[in-house]
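Only one structure is covered here, and it is reproduced in the block below.
The values are calculated or read from the model by the stated rules, or taken from the named source; none is laboratory data. All of these numbers come straight from a predicted model, not from anything done at the bench. Don't worry about glycine lacking a Cβ; one is built from the backbone with ideal geometry, like all the others, and counts go over all protein chains shown. These area figures cover heavy atoms from the full protein model, side chains too; ligands, DNA and RNA do not enter into them. Shrake-Rupley method; radii C 1.70, N 1.55, O 1.52, S 1.80 Å.
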Amino acid sequence: MIGIGWDTPVGVFMNLDEIYQNGVAFIAYKNAKKISPQATVFFVKYSLPTAEFVYAVTAAHCVNEAPDNVNLWYNDQDGRRRSIEAPKSEWLFHPEYDVAVVLVDPSLPVTQFPKEMLSPSSDPTYVHGGRLVVTVGLFEPQVDSLQPIARFGHIARPNIQAELKFRIGKRAKYHVHAIECMVWEGQSGSPVFCFDDRSEPGDQEYLRNDWRHSVTDRASDLNPRIIGLLHGYFPMNNGADGFHTGISIVIPSEYILETLELPEVQDGRGL
């Protein structure tokens, strides 16, 4: 279990259930003569009355930068590495934002987060400054490991307009969230979880020397939502090789939802 210590400035003590680590996989392809994991995906379940569909979701640039032969690496229930093919030609992309999805086998033994967990920017319960966030994804320096790591932070500023380069060509302004969280190469595409971490007040209504105690310490009991996926970080000099500012860019969940409703994606569901 992964916890946030009592000395954390904002938020509550929280044990991160294993389902969060089990809900991501890695995009793997040949790079420098070796097949290795390069980026992160997570799995979203799209339920209909007659069928269930599961999509691997990531940042579009992670797929665009890959060769034609792409695989998804994940750990099975026994901790062994498994691989499924996800050819580049099968991925579908949001027309403007950095989102890509591909349909996968619904029996894949990974955590599949229901579509209803995707919380759009209009949800004030989760999407506002100071809210606790957790990302789970690839730790790039350990490329031979399939053990995803969790990183913790807070929403620094939701719903900002930032000048970014999502596609080949000139930069443009996009609607994103800014979070206070260190991310590096390999974490692109990671889900960004947000929690309703409100606490019960202590016994002293006005003089709260006893501080506050949390309602629970289990992450899944804190009404988790996914507010988006990681695109990357804001560099200090606004260039590709700039210094890491500690502020990262999140593509809001509404653009994942829009991607799942594209006509070509609906065609894959037989709609």
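Residues of segment 148-178 being modelled with pLDDT of 80 or more and over 24 Å from S122 (Cα atoms), which ones?
P148, I149, A150, R151, R171
List the pairs whose first member sits in segment 128-139 and is more than 14 Å from V192 (Cα to Cα) and in a loop (DSSP other than H, G, I, E, B), whose second member is of a type in the set (A, V, I, L, M, F, W, C) and at pLDDT 90 or above, and whose Cβ atoms are under 6 Å apart, counting only residues at least 6 apart or on separate chains?
If the second residue must be of a type in the set (A, V, I, L, M, F, W, C) and at pLDDT 90 or above, the pairs left are G129/I155.
Being within 24 Å of F166 (Cβ to Cβ), touching a Lys or Arg at 6+ places or on another chain (Cβ under 9 Å) and assigned to a strand (DSSP E or B) is the requirement here; does V101 meet it?
Taking the combined requirement at face value, the residue does not satisfy it.
Please indicate, with yes or no, whether at least one residue in segment 98-116 is farther than 17 Å from I27 by Cα and touching a helix residue (DSSP H, G or I) at 6+ places or on another chain (Cβ under 6 Å).
No.
Contact list please: Cβ distance under 7 Å, first residue in segment 39-57 and of a type in the set (K, R), second residue part of a strand (DSSP E or B), pairs at least six apart or on different chains.
K45/E52; K45/V54; K45/F113; K45/P114
Which one is modelled with the lowest pLDDT among residues in segment 6-16 that are crowded, with 17+ Cβ neighbours inside 10 Å and at negative phi?
V12
Among residues belonging to segment 112-132 that are over 16 Å from A59 (Cα atoms) and at pLDDT 90 or above, point out the one that is least open to solvent (accessible area, probe 1.4 Å).
Selected residue: F113.
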